[in-house]
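Reviewing the structure listed below.
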Amino acid sequence: MDWKLSFISEEDFTNHVKATIDKYGEKLESFDIVRFNKNIVDPIKMIFDKTVYQSSWDEIVSNEIFRQRDKSNNNDIGYFHQRIFQYIVDCRVPDNGKEGGWDVIFHKDAGISLPDGDVVHTVYVEMKNKHNTMNSSAAGKTYIKMQSQLLADDDCACFLVEAIAKKSQNIKWSTTVDGKNVSHKKIRRVSLDQFYALVTGQEDALYQMCMVLPKVIENVVSDGGDDVKVPHDSVLKELKNVAEKMGESDENLAMAMAIYLLGFSTYNGFTNKASSVIEETDQDKMLKRIYEYAKLIKNQ
């Protein structure tokens, strides 16, 4: 495709997308029934969710796998939001703990104009994925850090840049420190689109990036071969194998029983059912491992 972004090259952007996918690490490992039940799912919640939301078994199992994977994915997307600025002119991304621990530093010899008319030459950035990820204590510490930077360098501004802000904004950040309301015109709360606009000089730079992102991710995944992991989950197939052994004429109830055994295989009434479907065949090894592990935990 014709490359449409002028502020980052196609090669750099593609490499950055691949690096972000690589950060997913073990979360891209395929889920089998044992990994799926590592922390023991709540079978009753799954039955409620399936019925109330009118979902299929495929959807409800896929949703649970997605939920488990998604627990730590925000850190990986934070990597994408932060590290992309290493490729943009006048920006640098310090190594962890270096240069004051800032996420991004934007320096421009010609000067950087702030909305109130002030001109500075450096902007120090703390990035957050969402506007509500900081509690009052964390917000206070971040604000004090920014105050200290202004005392050390009066030719700078400090930004709290939020990837998912409540709205597009570049405003004076007002917060509470030690019970007192504080604000400073050079300590600002900035949405990601406004920060992209500032560093690239293009008002819709974030929009332009978002328009090419899906295709680049698709290309990286499809062209990556063995270098890019793509999960192939087997949980639903294994649960269906268990359901087939239940001897139930109602397929929906048979699947429900297979789900119940994930959490209840050592519970009264379920133990005999679990024992009856476990055999020494290859396709039953996963369920047997779950059952034996559950018995071990129960006996501790």
| query | For the modelled label position 7 Å from the Cα of Ser183 along Cα-to-Cβ, which residues of the range 140-176 have backbone nitrogen atoms closer than 14 Å? | reply | 170-176
| Using θ = phi - 60° and the Karplus form 6.51 cos²θ - 1.76 cosθ + 1.60, what ³J(HN,Hα) does each residue of the range 218-224 get, whole Hz, x for Gly and Pro? | 4, 5, 4, 5, 6, 9, x
| query | When the accessible area of the range 1-132 is split by element with a 1.4 Å probe, what percent falls to carbon and sulfur? | reply | 46
| message | I'd like the accessible area for Met255, computed on protein heavy atoms only with a 1.4 Å probe and all protein chains in place. Round to 10 Å², please. | response | 10
| Global size of the range 1-59 as Cα Rg and Dmax, reported in angstrom | 19.6, 52
| query | What figure in square angstrom, to the nearest 10, would you give for the accessible area of Trp57 with a 1.4 Å probe? | reply | 30
| query | Per the Kirkwood formula on distinct C-alpha pairs, the Rh of the range 7-143 is how many angstrom? | reply | 18.8
| query | Say each of Glu10 and Ser113 gets a label point 7 Å from the Cα, pointing the same way as Cα to Cβ; how far apart are those two points in nm? | reply | 3.4
| Amide H within-cut-off set for Phe31, under 5 Å, with H built and near neighbours excluded | His232, Asp233, Ser234
| 0 to 90° range, to nearest 10: angle between helix 73-83 axis and the chain longest Cα axis | 30
| request: Would you mind pulling out the separation of the Cα centroids of the range 1-79 and the range 142-178, in Å? | output: 32
| message | Given points 7 Å out from each Cα along the Cα-Cβ axis, report the Trp3 to Leu28 separation in nanometres with one decimal. | response | 2.2
| field | 18 Å Cα-Cα threshold exceeded, pairs from Lys128/Lys215; Lys245/Lys273; Lys18/Lys215; Lys50/Lys240 | value | Lys128/Lys215
| said: If amide hydrogens are placed 1.01 Å from N in the peptide plane, which non-local residues have theirs closer than 5 Å to the one on Trp173? | reply: His184, Ile187, Arg188, Arg189
| remark: Counting only protein heavy atoms with a 1.4 Å probe and every protein chain in place, the carbon and sulfur fraction of the accessible surface of the range 164-277 in whole percent equals 47
| Using modelled amide H (1.01 Å from N, peptide plane; none on Pro or chain starts), what sits under 5 Å from the amide H of Ile112, excluding residues fewer than 5 places away? | Val120, His121
| said: How charged is the neighbourhood of Val89? Take every other residue with its Cβ under 12 Å from the Cβ of Val89, and add Lys/Arg as +1 and Asp/Glu as -1. | reply: -1
| request: Could you work out how far helix 235-244 tilts from the main Cα principal axis of the chain, as a 0 to 90 degree angle to the nearest 10? | output: 20
| message | With both bridge residues required to lie in the chain, what share of the DSSP beta bridges run antiparallel, to the nearest 5%? | response | 55
| query | Averaged per residue, what accessible area in Å² does the chain show with a 1.4 Å probe, protein chains only? | reply | 57
| Of all the Cα-Cα pairs you can form in the chain, what percent are over 23 Å apart? | 66
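The values are calculated or read from the model by the stated rules, or taken from the named source; none is laboratory data. All of these numbers come straight from a predicted model, not from anything done at the bench. Positions of Cβ are generated from backbone atoms using ideal geometry, with glycine treated the same way; all protein chains shown enter the neighbour counts. Side chains are part of the model used for accessible areas, which takes the heavy atoms of the whole protein and leaves out ligands, DNA and RNA. Shrake-Rupley method; radii C 1.70, N 1.55, O 1.52, S 1.80 Å.
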